[in-house]
């Protein structure tokens, strides 16, 4: 089964995506900040990560930098979930092999699920 890690501090958003992906037969786990997200990803080894940028304790771009510095995390697909505008996205994120950047307000959970399936290709 395809595994998705959702790293998002807003519980309502995190649960909304969890329910959508579980209904589509994905294995899903969540974390509410980058520190817990790194631990989750190390143990879970997800196929794809949905990663919020603005979180307490360790934000998403810091988590992504640390993830990419590991042997187990350097090639995991990452989709950024954010409320930041395109011009507010740190340039270094693009250099960290991000599969897509999604503006949360612009996409429904169904659209996010379709994008994730497209990114995963043959895995789903």
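Under the criterion of Cα pairs below 8 Å and six or more residues apart, the relative contact order for the range 3-119 equals 24 percent.
Sorted on the mean count of surrounding Cβ atoms within 10 Å across their residues, most packed first, peptides 21-28, 106-113 read 21-28, 106-113. Considering only 71, 43, 14, the mean-square fluctuation computed in a Gaussian network model of the chain, springs between alpha carbons under 10 angstrom, is largest for 71. Taking label positions 7 Å along the Cα-Cβ direction at both residue 103 and residue 65, the computed distance is 2.6 nm, reported to one decimal.
Multiplying the residue separation of residue 10 and residue 119 by 0.36 nm and subtracting their alpha-carbon distance yields 36.9 nm. Among beta bridges from DSSP that stay inside the chain, the antiparallel ones total about 0%. Fewest neighbouring Cβ atoms within 10 Å first, the residues 116, 98 line up as 98, 116. Shown here is the pair-distance distribution of the chain: with all Cα-Cα distances grouped in 5 Å bins from zero up to the longest one, the shares run 2, 12, 25, 27, 22, 11, 2, 0 percent.
In the chain, the calculated helix contribution to ellipticity at 222 nm averages -11500 deg cm²/dmol per residue, counting -39,500 (n - 2.57) for every DSSP H run with n ≥ 4.
A short reminder: the numbers here are calculations on the coordinates, not readings from a lab. What you see is a predicted model, and the numbers here were worked out from it, not measured in a lab. So basically every Cβ, Gly included, is an ideal-geometry build from the backbone, and we count neighbours across all protein chains shown.
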